[in-house]
1. Here are Ala115, Ala160: which of them is of a type in the set (A, V, I, L, M), surrounded by fewer than 17 Cβ atoms within 10 Å (Cβ to Cβ), more than 16 Å from the chain's Cα centre (by Cα) and more than 29 Å from Ala187 (Cα to Cα)?
2. When you go through Ala64, Ala3, Ala54 one by one, which is the residue that is at pLDDT 65 or above, among the aliphatic types (A, V, I, L, M) and in a helix (DSSP H, G or I)?
3. Within region 81-101, can one find any residue that is modelled with pLDDT under 75 and of a type in the set (Lys, Arg)?
4. Could you run through region 159-185 and say how many residues are under 23 Å from Thr89 (Cβ atoms) and either of a type in the set (Gly, Ala, Ser) or free of Cβ contacts under 8 Å to residues at least 60 places away in the same chain (or both)?
5. Taking the conditions exactly as written (in contact (Cβ under 8 Å) with a residue 40 or more places away in the chain and not hydroxyl-bearing (Ser, Thr, Tyr)), does His124 satisfy them or not?
6. Among the numbered conditions (1) among the basic types (Lys, Arg); (2) in contact (Cβ under 8 Å) with a residue 40 or more places away in the chain; (3) not in a helix (DSSP H, G or I), tell me where Arg81 comes up short.
7. Tell me which residues, restricted to region 131-151, are of a type outside the set (S, T, N, Q) and either over 27 Å from Tyr192 (Cβ atoms) or over 16 Å from the mean Cα position of the chain (by Cα) (or both).
8. Output the residues belonging to region 127-146 that are assigned to a loop (DSSP other than H, G, I, E, B), closer than 23 Å to Tyr163 by Cβ and either small (Gly, Ala, Ser) or modelled with pLDDT under 90 (or both).
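The values are calculated or read from the model by the stated rules, or taken from the named source; none is laboratory data. No experiment lies behind these values; they were computed from the predicted model shown. Here the Cβ is made from the backbone with ideal geometry for all residues, glycine too, and neighbour counts use every protein chain on show.
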Amino acid sequence: MAARRLNPAVREAERVYNQRRRKDTEYRAAEREAQREYDQRRRQDPEYRAAQRAREQRRRTDPATRDHVLALKRLSEHRRRAVQYGAETDGHTGDDLLNYWDEIGVYGCGDCGGALDDGYEIDHVLPLIRGGSDTVDNKLPLCVDCHASKVDRCPWEFYAGRYAALAPYLAPFAESCPRLSEDEIQARVTAYEARADSGDDGADT
């Protein structure tokens, strides 16, 4: 799925399709009605309801599952912040993110490489306040400690602070990603709103 989404031709075709779909009011109404009927049938299915109860029980009692669900729920907060900073977004889901990490071979903390057994955070590699995007290729899982240490620093600044011997080499890269000024943020937000008004909010889904 992630490889398919990284194909420029596929992304452009999906963008055009979704732009047309958003503008077609009859299609959107029919889609909502079909989804409502589907959800109603599922809620009335005893097997589905039993499976839902079992899944919710696992989510409440299994620490690893609970931490994973909490991390993915933060995607909605990421989207809110993307709007706040006028950042590019690709409308990815939790599955898209997990598929991308699997594709690039990320199975632990994106910084220290440690296991994520004690929970993890989803980090913007280049923070939104530094001009980063809310896209799958700008996100990595970080253990709680690394995420708390990195905060809103760009990766070069973070590593320069963590490894003093690398600081002289990384400093020039860190200086190339300063925090956005209020005027820059406003300009990005204006551009984001213009894209949204035209039906092209930068998302593929």
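1. Result of the check over Ala115, Ala160: Ala115.
2. Ala54
3. No: region 81-101 contains no residue that is modelled with pLDDT under 75 and of a type in the set (Lys, Arg).
4. Total satisfying the criteria: 8.
5. yes
6. (3)
7. Of everything in region 131-151, those that are of a type outside the set (S, T, N, Q) and either over 27 Å from Tyr192 (Cβ atoms) or over 16 Å from the mean Cα position of the chain (by Cα) (or both) turn out to be Cys143, Val144, Asp145, Cys146, Ala148, Lys150, Val151.
8. Of everything in region 127-146, just one residue is assigned to a loop (DSSP other than H, G, I, E, B), closer than 23 Å to Tyr163 by Cβ and either small (Gly, Ala, Ser) or modelled with pLDDT under 90 (or both), namely Gly132.
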